Amino acid sequence: MTETVAMTVNGRAVTITVDDPQMPLLYALRNDVGVTGPHYGCGLGQCGACTVHVNGESVRSCQVPVADAAGKRIVTLEGLGTPERPHALQAAFIAEQAVQCGYCANGMIMESAALLAKTPRPTEAQVKEALANNICRCGTHPRVVAAVLRAAQG
């Protein structure tokens, strides 16, 4: 059953044709739209590597059917900032050296961006709570927390 799905990705109108409307949004973003920030991690929505924002809410794109994204605004890591003008979180992650392998960085940054949008000056405890369900296999959580707190300071 072929279906056309129109959405806005990082401020750009996108229309894709999919054979399976239940296909995860993650696959459509990576394979059809060409964004590579969200990663496939666990496929169960437990690790956070695939996190994107849908209409301003942080979601695990491996768990969202692409059909559910129709007509919605999707923001990926690429939509937060550019190499020339990085988002405050992206700059803070670099300054704090919060990334080793980088696989979890997408989820950590996207989840943190959602936190800062709702709580511009979070406490350390609030940052840790927001990131509790994001897995970093390298163990850089302390530097990630420092980066989020740095970005919140402006």
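Projection of the Cα convex hull of the stretch 81-153, averaged over all directions and equal to a quarter of that hull's surface, yields 4.3 nm².
With θ taken as phi - 60° and the Karplus curve 6.51 cos²θ - 1.76 cosθ + 1.60 applied, the whole-hertz 3J(HN,Hα) list for the stretch 6-13 is 10, 8, 10, 10, 6, x, 10, 5 Hz, x standing for glycine and proline. Normalised per residue, the accessible area of the stretch 81-153 is 55 Å², obtained with a 1.4 Å probe and no contribution from ligands, DNA or RNA. Put +1 on the Cβ of each Lys and Arg and -1 on the Cβ of each Asp and Glu in the chain; which of Met108, Ala49, His39 then has its Cα farthest toward the positive end of the dipole? Of Met108, Ala49, His39, it is Met108.
The string of couplings for the stretch 44-58 from the Karplus curve (6.51, -1.76, 1.60, θ = phi - 60°) is 10, x, 9, 9, x, 4, 9, 4, 9, 9, 10, 6, x, 9, 6 Hz, one whole number per residue in order, with x for Gly and Pro.
Dipole check for the chain: with +1 at the C-beta of Lys and Arg, -1 at the C-beta of Asp and Glu, and the Cα centre as origin, the magnitude is about 460 Debye. Roughly how many whole Å is it from the C-alpha centroid of the stretch 77-149 to that of the stretch 31-48? First find each Cα centre; the distance between them is then 17 Å. Largest first, the residues Met108, Met1, Met23 sort by 1.4 Å accessible area into Met1, Met23, Met108.
Taking amide H as placed 1.01 Å from N in the peptide plane, Val64 has its amide H under 5 Å from the amide H of Leu25, Leu26, each at least 5 places away in sequence or on another chain. Here the accessible area of the chain is 50 percent carbon and sulfur, with a 1.4 angstrom probe and all protein chains present. Taking amide hydrogens as placed 1.01 Å from N in the peptide plane, the amide H of Thr51 sits under 5 Å from those of His39, Ser61, Gly107, each at least 5 positions away in sequence or on another chain. Given their separation in residues at 0.36 nm each and the Cα-Cα distance between them, Ala70 and Tyr40 gain 8.7 nm when the chain is fully extended.
The sum of -39500 (n - 2.57) across all DSSP H runs of n ≥ 4, divided by the residue count of the chain, sets its helix-only mean residue ellipticity at 222 nm to -8500 deg cm²/dmol. The slack between Arg85 and Thr8, meaning 0.36 nm per residue of separation minus the straight C-alpha distance, is 25.6 nm. Heavy atoms of the protein chains alone define the surface here; on that basis the stretch 3-79 has 45 Å² accessible area per residue at 1.4 Å probe size. Taking amide H atoms as placed 1.01 Å from N in the peptide plane, the amide H of Val9 lies under 5 Å from those of Val14, Ile74, each 5 or more residues away in sequence or on another chain. As a length-normalised measure over Cα pairs under 8 Å and 6 or more apart, the relative contact order of the chain settles at 23 percent. Using the Karplus relation 6.51 cos²θ - 1.76 cosθ + 1.60 with θ = phi - 60°, the per-residue 3J(HN,Hα) values for the stretch 138-144 come to 7, x, 8, 3, x, 6, 5 Hz, with x marking Gly and Pro. For the stretch 3-79, the square roots of the Cα gyration tensor eigenvalues, ordered a ≥ b ≥ c, give a/c of at least 1.5 with a/b no greater than b/c, which places it in the oblate category. For the options Pro24, Pro83, Pro38, a Gaussian network treatment of the chain with springs between C-alpha atoms closer than 10 Å singles out Pro83 as fluctuating the most.
The values are calculated or read from the model by the stated rules, or taken from the named source; none is laboratory data. Small disclaimer: the values here were computed from a predicted structure and weren't measured. A quick note on method: Cβ atoms are made from the backbone with ideal geometry, for glycine too, and the neighbour counts reach across all protein chains shown. These area figures cover heavy atoms from the full protein model, side chains too; ligands, DNA and RNA do not enter into them. Shrake-Rupley method; radii C 1.70, N 1.55, O 1.52, S 1.80 Å.
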